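Notes follow the structure.
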Amino acid sequence: MIILSHASLVRGGRSVLQDVNLAFEPGELIGLCGPNGAGKSSLIGLCAGDLAPSSGSVSLHDIAPALCPPDELALLRAVMSQNPALEHPFPVAEVVALGSPATPMADRESVLHELGCADLLRRIYTELSGGERRLVQLARIFLQAERATGLGHRPWLLLDEPVSQLDLGRSQQVMHALKARAARGLGVVAVMHDIELASRHAERLLVLGHGRVIADGDPNAALSEDTLRQAWQVEARIEAESPGPGVRVRVMASSGRRTPAN
Amino acid sequence: MPKPAVDRLAAGLLVATPLLMFAALWVGPVAVSPAALFDDPVARTIVFELRLPRILAAALIGAALGAAGALLQALLRNPLADPALIGVSGGAALGAACMLAIGGSGSLALGLPVPLAAFVGALAATLLVWRLGAVRGHLQLSAILLAGIAINTLAGALVGLLLTFANDPVLRATTFWLFGSLTEVRWPSLLLLMLLVPPAVIHLERRAIALDVYQLGDMEARHAGTDVRRLQWEGVILASLLTGLAVASAGIIGFIGLMVPHFMRLLGGPGHGGRFLQSALGGALLLLFADAVARTAAAPAEIPVGLLTALLGAPFFLWLLRRELSRGGLAGG
């Protein structure tokens, strides 16, 4: 379980998260949405132990992640960050195995297959497109989590924009892979900008705005017109997907953030 | 991650290195044949007291520089790092020169103070490069190379200043650093190299997977379970130790740490499993070969071996620099 209790975060003199109270249960896919700069990546950073709260507390499996040694922490959560900086021409098979070094080749292929990209196995990482690199990194994260599971842990998957740069089909495939892991009892928190996609696949949706929780709960309930107005400052019409789950968001053409005129 | 190609490469180098060492015993300004060892005491003196320690030193110093280069390239996540280029060797030379000036002795062969001072100088230079090379928390190649130029210039100027005030033995002993040479290596410093270089290379091989993961970036490596601070400190200390030992024994011999890891990466792939052993053996081979040429090409005079490696290495560096520039500038790191 991940618990944030009155957690606040100040970075560079700016308040990024304010008095956040949350409890995440494993076994569900939690979508984390919100506009740019809302504090989504910082929230992932707090849960992952990259950042320590300025006040309040964060606990992951009953420990403070920011104080946990990296090797132990790697068994409790696997994290996908926005921009891994691998610039050496590693074969994809080796990059995937960085998540769990002794993994047999068949297992590396199988995790890529699940993400619909088994054909990448023998390619060179630096020659891949941005989206393909994301898939390979996600496969690496999955293997790290599988290793931890094999050692008797129930790791969290904390994913910062796992479907960014991915096409329609691959995004669906990734969401199915995440749901499959949640169904196996893992906790999955995924930052997503596509709120329709999030509403269709997540079991719980959390909307952040200005460092605060604006909505939290069942996606259809959490994504209200009022939530969109508060978080994204857009006027939009929300329609329930039929058949559900999920919603459609129709943003009004005239809405959107405006820079005040001088 | 070891794989067959990597293993084959290491095995080939493991066979080639002792063979070249054995061959080098019979190369020099004086012709000596193996048969002469049985009945000629002069031949025995030449082979066992002059050539053998020198050949062992060439192999170990080459190994230290090859491994140090591979390590710095891994730590800085950049293929252009070399102990001499980025100022680590310059720092080591300055440390050693200071100790010689304080001690007032021209002998590099005795005792621990000179290698220790070289290690401290190398460590200070590495930490300085690291600090100056980090722009907004990220290592940048251009900043690293510029920091290296600055440190090398400063270290060179200070060594020059020490030479100005040095007495004759110190002057003689210190001058060879400017070029790098194996003429002054004797058994005590050789013992130190034997004692420290192989365990350092073995230790680095054990950290190969962590260094692979480290290539993902600091934060990603931490996410994957690597204690990044510890890995970086270990790396900085070992790179300084290997470079300090090499410089204390033979002065600044550049470009081995640049060229050898690069070729090993071309032959064995970008993974670090096997890289340190390969780079150490490749460095040994290159310096053995360069030293054999240095001893014989202008016999009876001797060419400083550091000049030969620079003649080979500087054009290679320019080629590599041009390639990196064409790949997207010097901002990587």
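The values are calculated or read from the model by the stated rules, or taken from the named source; none is laboratory data. As the structure is a computational prediction, the values presented were derived from the model and not from experiment. As a convention, Cβ positions derive from the backbone with ideal geometry for all residues, glycine included, and neighbour counts pool all protein chains shown.
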Exercise for the section: Determine whether region B:128-141 contains at least one residue that is modelled with pLDDT of 80 or more and over 30 Å from B:M219 (Cβ atoms). Expected result: no
Practice task
Can you tell me which residue among A:L128, A:L115, A:L120 is more than 14 Å from chain B (Cβ to nearest Cβ), within 22 Å of A:G169 (Cβ to Cβ) and in contact (Cβ under 8 Å) with a residue 60 or more places away in the chain?
Solution key: A:L115
Handout entry: Condition check for A:Q165: surrounded by fewer than 18 Cβ atoms within 10 Å (Cβ to Cβ) and touching a Gly at 6+ places or on another chain (Cβ under 8 Å)
Key = yes
Completion exercise
Expected single match for within 14 Å of chain B (Cβ to nearest Cβ) and either among the acidic types (D, E) or not in a strand (DSSP E or B) (or both) among A:P89, A:P35, A:P26, A:P53 is A:P89
Exercise for the section: Being of a type in the set (K, R) and in a helix (DSSP H, G or I) is the filter here, so list the residues in region A:92-132 that pass it. Expected result: A:R108
Practice task
Could you grab the pairs with beta carbons closer than 8 Å, sequence gap of 6+ or different chains, first residue in region B:203-220 and facing chain A (nearest Cβ under 7 Å), second one crowded, with 24+ Cβ neighbours inside 10 Å and among the acidic types (D, E)?
Solution key: B:V213/B:E220
Handout entry: Among the residues listed as A:L120, A:L98, the single one being buried (at least 18 other Cβ atoms within 10 Å of the Cβ) and under 22 Å from the mean Cα position of the chain (by Cα)
Key = A:L98
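A quick yes/no check of all residues on (1) within 14 Å of chain A (Cβ to nearest Cβ); (2) touching a Cys at 6+ places or on another chain (Cβ under 6 Å); (3) at pLDDT below 85:
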{"position": "B:A292", "(1), (2), (3)": "no, no, no"}
{"position": "B:A301", "(1), (2), (3)": "no, no, yes"}
{"position": "B:L311", "(1), (2), (3)": "no, no, no"}
{"position": "B:P315", "(1), (2), (3)": "no, no, no"}
{"position": "B:L318", "(1), (2), (3)": "no, no, no"}
{"position": "B:L325", "(1), (2), (3)": "no, no, yes"}
{"position": "B:G328", "(1), (2), (3)": "yes, no, yes"}
{"position": "B:G332", "(1), (2), (3)": "yes, no, yes"}
Practice task
Enumerate the helices (runs of 4 or more DSSP H) found wholly within region A:192-262, keeping only those where 1 or more residues are modelled with pLDDT of 90 or more and farther than 20 Å from A:A23 by Cα.
Solution key: A:195-201, A:225-232
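Results for (1) of a type in the set (S, T, N, Q); (2) within 14 Å of chain A (Cβ to nearest Cβ); (3) surrounded by fewer than 23 Cβ atoms within 10 Å (Cβ to Cβ); (4) not in a helix (DSSP H, G or I), shown as yes or no for each residue.
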position	(1), (2), (3), (4)
B:A239	no, no, no, no
B:V260	no, no, no, no
B:Q278	yes, no, no, no
B:F289	no, no, yes, no
Handout entry: Filter result (of a type in the set (G, A, S) and over 26 Å from B:P18 (Cβ atoms)) within region B:288-322
Key = B:A298, B:A301, B:A310, B:A314
Practice task
May I ask you to verify whether A:H153 is surrounded by fewer than 16 Cβ atoms within 10 Å (Cβ to Cβ), out of contact with any Lys or Arg (no Cβ under 8 Å at 6 or more places or on another chain) and either more than 21 Å from B:V213 (Cα to Cα) or more than 14 Å from chain B (Cβ to nearest Cβ) (or both)?
Solution key: no
Problem - Matching residues in region A:62-86 - criterion: being assigned to a loop (DSSP other than H, G, I, E, B), more than 7 Å from chain B (Cβ to nearest Cβ) and buried (at least 19 other Cβ atoms within 10 Å of the Cβ) - result: none
Exercise for the section: Can you tell me which residue within region A:86-108, out of those that are among the hydrophobic types (A, V, I, L, M, F, W, C) and without any contact (Cβ under 8 Å) to a residue 12 or more places away in the chain, is farthest from A:S129 (Cα to Cα)? Expected result: A:A102
Handout entry: Conditions (1) surrounded by fewer than 17 Cβ atoms within 10 Å (Cβ to Cβ); (2) in contact (Cβ under 8 Å) with a residue 12 or more places away in the chain; number of the one not met by A:G56
Key = (1)
Practice task
Run down B:G180, B:G156, B:G137, B:G160 and say which single residue is small (G, A, S) and surrounded by 21 or more Cβ atoms within 10 Å (Cβ to Cβ).
Solution key: B:G180
Handout entry: Unmet requirement for B:I253, which otherwise passes all of (1) touching a residue at least 12 places away in the same chain (Cβ under 8 Å); (2) part of a helix (DSSP H, G or I)
Key = (2)
Exercise for the section: Report, by residue number, each residue of region B:233-256 that is out of contact with any Ser or Thr (no Cβ under 7 Å at 6 or more places or on another chain) and within 24 Å of B:T183 (Cα to Cα). Expected result: B:L241, B:L242, B:G244, B:L245, B:A246
Handout entry: Residue, farthest from A:D218 (Cα to Cα), within region A:182-199, restricted to residues that are of a type outside the set (A, V, I, L, M) and crowded, with 21+ Cβ neighbours inside 10 Å
Key = A:G187
Completion exercise
Checked A:A52, A:A85, A:A23 against criteria (of a type in the set (A, V, I, L, M, F, W, C) and in contact with a His (Cβ under 9 Å, 6 or more places away or on another chain)); the one match is A:A85
Practice task
Select, from B:L60, B:L75, B:L9, the only residue that is modelled with pLDDT of 85 or more, more than 14 Å from chain A (Cβ to nearest Cβ) and farther than 23 Å from B:T183 by Cα.
Solution key: B:L9
